[in-house]
Amino acid sequence: DKGNFRHFMQKEIYEQPDVISHTLSSFFDMANGRTRLPRGQEVDFSKINRMVLSACGTGYYAALTGRYYLERYARIPCDIDVASEFRYRESPLSGVDFALFVSQSGETADTLASLRHAKAEGLTTAAVVNVDESTIAREADIVWPTLAGPEIGVASTKAFTCQLTALAALSVAAGVQRGVLSRDDELTLAKALSEAPRLTNAVLKLDSLIERLAHDMATKRHALFLGRGFNYPLALEGALKLKEISYIHAEGYAAGELKHGPIALIDDTMPVVVIAPYDRVFEKTASNMQEVAARGGRIILVTDERGAASGVVKDAELIVLPDMPEILMPIVYALPLQLLAYHTAVHMGTDVDQPRNLAKSVTVE
Ligand code: M6R
């Protein structure tokens, strides 16, 4: 039931504050600000030498963000690959003792085959999974559930932000166990994560502003998405969302890769969505934006109050989010990208919930 919403995707975007809050509650004891893994699914992170992560599509972008989290907060060395490559790559797994898979449906053929491959190689396997009755949930040694509820729209939205939430929380738990984070750090990060429902709610208030920007996006043939660091996987996810449901050709890049090729595409017909909160790499991304602006590219800058105040590009379209701690950025910044893709597709009249050629669950390779 779509309730008052026009599409399941729109409903699922709006459910995010609630489902993120549910997902958080399974990884945190909010009363005392401590992380705790779901009962029976505990892991001794201090014993992990090296981890491999794998998934498909949006789950892969969540896992890519997970690598940033696990390396930053828990100092766990991570390898990552899309599942369709991982299962056949025959990569030597020496030194790797733990494999983490991310899947909404828990039925994706390549992800399941990768899980079986990792098990056969003797790794401990864990899955961040949304459907708890799924094959992946049954076969993984450890299951860390996301509590997004059923996701109907083919374009994943709430499952993605719940995956990010789970991965952020797991990284904090791992960091504490490995002695990378102190008790104070844990409290600070837990408190930061507990703000996710409030902040995602605040971002939903920008809906009509984003809808206006989408009018213009709907007239374009191509778009570029740029981000750095924690927000680089979001550039990939923003581009995937747009291409899946609006059929506009969109590419996501690490901002630093701009001058290694994609800058050749920039002219005044090319919108460039830049995800750049005022974080430790903002200045770097700011110079990429100047390169785009100098070539007539039209920038949509998703940033925060400080990023907007920096006045880096004069005539950029701005989507200004509240200031927030770094750990929250991938989770909260996902929403404006989802809304941009959604409204663009609605303007274009495509079938938002059932885009052409796509299936919700890809059970064949
Ligand atoms: O169910 P899974 O998370 O394993 O699915 C993986 C991908 O097929 C999925 O994320 C796909 O890319 C979505 N359509 C993205 O919106």
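Worth a mention:
- Degrees separating the helix 16-25 axis from the principal Cα axis of the chain, which is the longest one: 20
- Only Lys, Arg, Asp and Glu carry charge here, each on its Cβ (+1 for the first two, -1 for the last two); on that basis the stretch 242-365 has a dipole of about 140 debye about its Cα centre.
- Straight-distance candidates among the aspartates and glutamates for linking to residue 314, with alpha-carbon spacing under 18 Å and chain neighbours fewer than 8 residues away dropped: 267, 268, 283, 291, 304, 305.
- Rounded to the nearest 10 degrees, the inclination of helix 232-246 to the longest alpha-carbon principal axis of the chain is 70 degrees.
- Each residue of the stretch 322-337 is assigned a 3J(HN,Hα), and the resulting list reads x, 5, 7, x, 3, 4, 8, 4, x, 5, 6, 6, 5, 5, x, 6 Hz, derived from the Karplus form 6.51 cos²θ - 1.76 cosθ + 1.60 (θ = phi - 60°), x at Gly and Pro.
- Between 0 and 90°, nearest 10: helix 207-217 axis offset from the chain longest Cα axis: 60
- Prolate/oblate/rounded call for the stretch 149-242, Cα gyration tensor, a/c under 1.5 rounded: prolate
- Long-range HN-HN contacts of residue 273 with modeled amide H, under 5 Å: 224, 225, 226, 300
- Distance from the alpha carbon centroid of the stretch 60-79 to that of the stretch 301-357 works out to 23 angstrom.
- Three-way shape call for the stretch 208-330 based on the alpha-carbon gyration tensor, with the a/c threshold at 1.5: rounded
- Here the dipole of the stretch 177-216 is about 120 debye; that uses its Cα centre as origin and unit charges on the Cβ of Lys and Arg (positive) and Asp and Glu (negative).
- Centroid-to-centroid, using Cα positions, the stretch 199-258 and the stretch 81-151 are 28 Å apart.
- Ascending count of other beta-carbon atoms within 10 Å, so fewest first, for 88, 247: 88, 247
- Shape call, the stretch 119-172: gyration tensor on alpha carbons, a/c limit 1.5: oblate
- Of 217, 270, the sequence from fewest to most neighbouring Cβ atoms within 10 angstrom is 270, 217.
- Value of [θ]222 nm, deg cm²/dmol, for the chain, DSSP H segments ≥ 4, -39500 (n - 2.57) each, nearest 500: -14000 deg cm²/dmol
- The magnitude of the dipole of the chain, with charges of +1 and -1 set on the Cβ of Lys/Arg and Asp/Glu and taken from the Cα centre, is near 260 debye.
Bear in mind these aren't lab numbers, they're just calculated from the coordinates by the rules spelled out. Fair warning: this is a prediction, and the values are worked out from it, not measured in the lab. Glycine also receives a Cβ, built like all others from the backbone with ideal geometry; neighbour counts cover every protein chain displayed.
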